[in-house]
Amino acid sequence: MTFVIDGVRKSYGTHEVLKSVSLRCEPGRVHALLGANGAGKSTLIKCLSGAHAPDAGTIQLDGEVWTSLTPQQAAEAGISVIYQHLSLVASLSISDNVFLGRELRRGPLVNRAEQRRRTRQALDDVLGPSHGLSEDALVGDLPIAAQQLVEIVKATSRPGIRVLILDEPTAALSDREASRLKGVVRRIAASGVHVLFITHILGDVFDLCDRITVLRDGVVALDEPVGAVRPDQLTEAITGRLPAPRRTTSTGTSPGAPLLTVSGLGGDRFRDVTLTAHEGEIVGVFGLVGSGRSELLETLYGARRADTGTVAVAGRTVPRRASPRAALRAGIALVPGDRGQQAIFADLTAAENVLQPAFAQLGPPLLRDRGAERDRFAAGAEQVRLHPADPGLPARSFSGGNQQKLVLSRWLAYRGVRVLLLDEPTQGIDVGARADIYRTLRSSEVLGGRTVVFTTSDPDEVALLADRVFVLVRGRIVAELPAAPLDRNRLLKLAHLGTALTEGVSRA
């Protein structure tokens, strides 16, 4: 009984993402799949789950062979994927989630008593008898670590499960929570299930997995038993020899006085963060999934409460019990990572999206200055190279890259922003829009009187955009590096191995 991926290729237009990828998973073993951002891991998972069809190659499981799968065929074959974003319904109980879509019935009614009994048995079988979870507990009341376990129970309790694919399952967990989850994964593998474990945390690989496959630029760069690979060999396989990208236009000015000063800041998923960003400077925070990078920016913006430390803008302390409104008054604005859910008003026009916070600056509501609004929108659209620059188009009609430009233009059009925070500013947008955003952020019009702090998991983005970069690992800053020139291999090794490689790293 084996799970074999043989010669799988996948392209999007002219961009070949997977270039004849092959790997072999054995039952009862945990097989690690690693690779840097953009290596092809997510695309391979989508091919295995039936979300995307490969262009070539085969997927083989216990003698059955497919050239492509639909989601239903993948489920019927016993292939189950647990993604970073869980598919649980917060308002339902654990047992209702476990049987969601395959409810047990007694006549026309759902047999909840039997569902509860089977869920209780599944929790005991998969998690062990001391799991501490009640089948009646609402999923929304559970911490993320417990929700992750419920998702695993839901996947493995389906009849005929043969392959379990886990996408970054420990990224958002504490060390203790991760240790518990790894014990559950070992138990599942020991039952004969093929486990494919996608992660960027090398400690998890050496602690849990039996074999490692590394993807780099769409090809297999390493495929070995765990015992045959050293950590430095693994990071070299992940990073490869990375050529330095060409840097975007710089303002050519030296950083001015400190604008943002963060001292000993602690909050949800990060602690003891200290950094300074100067006027005219762009500072990057490089971190992998689960590093705490988004939580850090959301705390600086007041969307999350800080537990410890201080934040000051131009020497004035921002109250710890801040809100986004208070942060904005202090001169801090945020472009969030999920523009669709957190930033864009899809049914409003482009002008309404850009000018939402600026309307009050343009006049009282009953005496709106339409001319001033048109001028402010036109200036912002030109600054970010919005296309089309039509104020009346609904935001949903713009491409992803141009929607991101709308959100960026919103804060550039608002008077008083001195600290501009951006969470993964070019995630999911095309190359042309990315270049426009880089050019805008590095312009003297933006950096004059401001500082920009952004998070990213892309080393190229650091090299192209930042002046300095802080490396965030498991909620702690482990290094500060100059971004020009950037040692990208060093950056990735720090992010993967954390404090083990921080000795001798000086702060710039």
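Give the residue, chosen from Val89, Val81, that is under 18 Å from Val150 (Cα atoms) and part of a strand (DSSP E or B).
Values: Val89 fails: part of a strand (DSSP E or B).
Among Val89, Val81, only Val81 is under 18 Å from Val150 (Cα atoms) and part of a strand (DSSP E or B).
Checking the structure you have, find out if any residue of the range 131-154 is of a type in the set (Lys, Arg) and more than 28 Å from the chain's Cα centre (by Cα). Outline the logic, then answer.
First pass over the range 131-154, keeping only residues of a type in the set (Lys, Arg): 154.
Okay, now just the ones that are also more than 28 Å from the chain's Cα centre (by Cα), so none.
Within the range 131-154 (the criterion being of a type in the set (Lys, Arg) and more than 28 Å from the chain's Cα centre (by Cα)), the answer is no, since none of the residues qualifies.
Can you work out which of the residues in the range 1-28 that are more than 14 Å from Thr67 (Cα to Cα) and in contact with a helix residue (DSSP H, G or I) (Cβ under 7 Å, 6 or more places away or on another chain) is surrounded by the fewest Cβ atoms within 10 Å (Cβ to Cβ)?
Going through the qualifying residues, I end up with Gly28.
Go through Asp338, Asp369, Asp307 for me and flag whichever is farther than 22 Å from Val419 by Cβ and among the charged types (D, E, K, R). Step through it out loud before you land on a result.
On the way: Asp338 fails: farther than 22 Å from Val419 by Cβ; Asp307 fails: farther than 22 Å from Val419 by Cβ.
Asp369 is the lone residue from the list that is farther than 22 Å from Val419 by Cβ and among the charged types (D, E, K, R).
Got a number for residues in the range 481-497 being surrounded by fewer than 21 Cβ atoms within 10 Å (Cβ to Cβ) and at pLDDT 85 or above?
The qualifying residues number 1.
Taking Arg415 and the conditions (1) surrounded by fewer than 18 Cβ atoms within 10 Å (Cβ to Cβ); (2) closer than 22 Å to Gly290 by Cα, which numbered condition does it fall short on, given that it satisfies the others?
With respect to (1) surrounded by fewer than 18 Cβ atoms within 10 Å (Cβ to Cβ); (2) closer than 22 Å to Gly290 by Cα, Arg415 is out only on (2).
Looking at (1) farther than 25 Å from Gly256 by Cα; (2) assigned to a strand (DSSP E or B), which is the one condition that is false for Arg490?
With (1) farther than 25 Å from Gly256 by Cα; (2) assigned to a strand (DSSP E or B) applied to Arg490, the lone miss is (2).
Checking the condition at negative phi, modelled with pLDDT of 85 or more and not aliphatic (A, V, I, L, M), which residue from Asp232, Asp204 passes?
Working: Asp232 fails: modelled with pLDDT of 85 or more.
The unique qualifying residue is Asp204.
What is the residue count in the range 301-312 for residues that are buried (at least 20 other Cβ atoms within 10 Å of the Cβ) and either among the aromatic types (Phe, Trp, Tyr) or more than 26 Å from the chain's Cα centre (by Cα) (or both)?
So in the range 301-312, the residues buried (at least 20 other Cβ atoms within 10 Å of the Cβ) come out as 301-302, 306, 311.
Checking the rest, the ones that are also either among the aromatic types (Phe, Trp, Tyr) or more than 26 Å from the chain's Cα centre (by Cα) (or both) come to 301.
The total comes to 1.
Which one is nearest to Ile282 (Cα to Cα), of the residues in the range 400-431 that are in a loop (DSSP other than H, G, I, E, B) and among the hydroxyl-bearing types (Ser, Thr, Tyr)? Explain how you work it out, then say what you get.
Initially, the range 400-431 is screened for residues in a loop (DSSP other than H, G, I, E, B), giving 413-418, 424-430.
Filter once more, so that each one left must be among the hydroxyl-bearing types (Ser, Thr, Tyr): 414, 426.
On the way: Tyr414: 19, Thr426: 15 Å.
Looking at the filtered set, the residue picked out is Thr426.
Taking the range 104-146 as the search range and keeping residues that are of a type in the set (Gly, Ala, Ser) and closer than 18 Å to Ala90 by Cα, which one is surrounded by the most Cβ atoms within 10 Å (Cβ to Cβ)? Write out each step before concluding.
If we filter the range 104-146 for residues that are of a type in the set (Gly, Ala, Ser), which is where we start, we get 107, 113, 122, 128, 130, 132, 134, 137, 140, 145-146.
Remaining after also requiring closer than 18 Å to Ala90 by Cα: 134, 137, 140, 145-146.
Details: Ser134: 14, Ala137: 15, Gly140: 12, Ala145: 16, Ala146: 19.
Looking at residues that are of a type in the set (Gly, Ala, Ser) and closer than 18 Å to Ala90 by Cα, I get Ala146.
Cβ-Cβ below 7 Å, separation at least six or inter-chain, first residue in the range 107-119 and at negative phi, second of a type in the set (Gly, Ala, Ser): which pairs?
Gln115/Ser95; Arg116/Ser95; Thr119/Ser95
Before we move on, is Arg9 at pLDDT 95 or above, basic (Lys, Arg) and touching a Ser or Thr at 6+ places or on another chain (Cβ under 7 Å)?
On the way: at pLDDT 95 or above: yes; basic (Lys, Arg): yes; touching a Ser or Thr at 6+ places or on another chain (Cβ under 7 Å): yes.
When the stated conditions are applied, Arg9 passes them.
Output the residue which, of all residues in the range 418-435 that are at pLDDT 85 or above and of a type in the set (D, E, K, R), is surrounded by the most Cβ atoms within 10 Å (Cβ to Cβ). Give the derivation first.
First pass over the range 418-435, keeping only residues at pLDDT 85 or above: 418-426.
From what is left, the residues that are of a type in the set (D, E, K, R) are 418, 423-424.
Numbers: Arg418: 16, Asp423: 24, Glu424: 20.
Applying the filter and picking the extreme gives Asp423.
Criterion first (closer than 27 Å to Arg269 by Cβ and either of a type in the set (S, T, N, Q) or not assigned by TED's automatic domain parsing to the domain that holds Thr43 (or both)) does Ser130 satisfy it? Break it down into steps so the answer makes sense when it comes.
Working: closer than 27 Å to Arg269 by Cβ: yes; either of a type in the set (S, T, N, Q) or not assigned by TED's automatic domain parsing to the domain that holds Thr43 (or both): yes.
Considered against the rule, which asks whether it is closer than 27 Å to Arg269 by Cβ and either of a type in the set (S, T, N, Q) or not assigned by TED's automatic domain parsing to the domain that holds Thr43 (or both), Ser130 comes out as yes.
Which of the residues that make up the range 315-337 are touching a strand residue (DSSP E or B) at 6+ places or on another chain (Cβ under 7 Å) and surrounded by 15 or more Cβ atoms within 10 Å (Cβ to Cβ)?
Val318, Ala327, Ala330, Gly331, Ile332, Ala333, Leu334, Val335, Pro336, Gly337
Okay, residues lined up against (1) under 26 Å from the mean Cα position of the chain (by Cα); (2) aliphatic (A, V, I, L, M); (3) on the phi > 0 side of the Ramachandran plot:
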{"position": "Glu281", "(1), (2), (3)": "yes, no, no"}
{"position": "Arg293", "(1), (2), (3)": "yes, no, no"}
{"position": "Arg321", "(1), (2), (3)": "no, no, no"}
{"position": "Ile332", "(1), (2), (3)": "yes, yes, no"}
{"position": "Asp338", "(1), (2), (3)": "yes, no, no"}
{"position": "Ala346", "(1), (2), (3)": "yes, yes, no"}
{"position": "Ala351", "(1), (2), (3)": "no, yes, no"}
{"position": "Gln361", "(1), (2), (3)": "no, no, no"}
{"position": "Pro364", "(1), (2), (3)": "no, no, no"}
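For the range 463-480, name all the residues that are at pLDDT 90 or above and not in a loop (DSSP other than H, G, I, E, B).
Result: Leu465, Arg468, Val469, Phe470, Val471, Leu472, Val473, Arg476, Ile477, Val478, Ala479, Glu480.
Taking Pro482, is it out of contact with any Leu (no Cβ under 6 Å at 6 or more places or on another chain), touching a residue at least 12 places away in the same chain (Cβ under 8 Å) and not charged (D, E, K, R)? Working first, answer last.
Working: out of contact with any Leu (no Cβ under 6 Å at 6 or more places or on another chain): yes; touching a residue at least 12 places away in the same chain (Cβ under 8 Å): yes; not charged (D, E, K, R): yes.
Judged against the criteria, Pro482 is a match.
Would you mind finding the one in Ala146, Ala155 that is in a helix (DSSP H, G or I) and over 30 Å from Ile59 (Cα atoms)?
Values: Ala155 fails: over 30 Å from Ile59 (Cα atoms).
Ala146 is the lone residue from the list that is in a helix (DSSP H, G or I) and over 30 Å from Ile59 (Cα atoms).
Taking helices (runs of 4 or more DSSP H) that fall entirely within the range 314-399, which contain at least 2 residues that are at pLDDT 90 or above? Spell out the reasoning first.
Details: elements: 324-329, 339-342, 350-355, 370-384.
Correct list: 324-329, 350-355, 370-384.
The values are calculated or read from the model by the stated rules, or taken from the named source; none is laboratory data. Being a predicted model, the structure only gives us computed values, none of them experimental. Every residue, glycine as well, gets a Cβ built from its backbone with ideal geometry; the counts of neighbours run over all protein chains shown.
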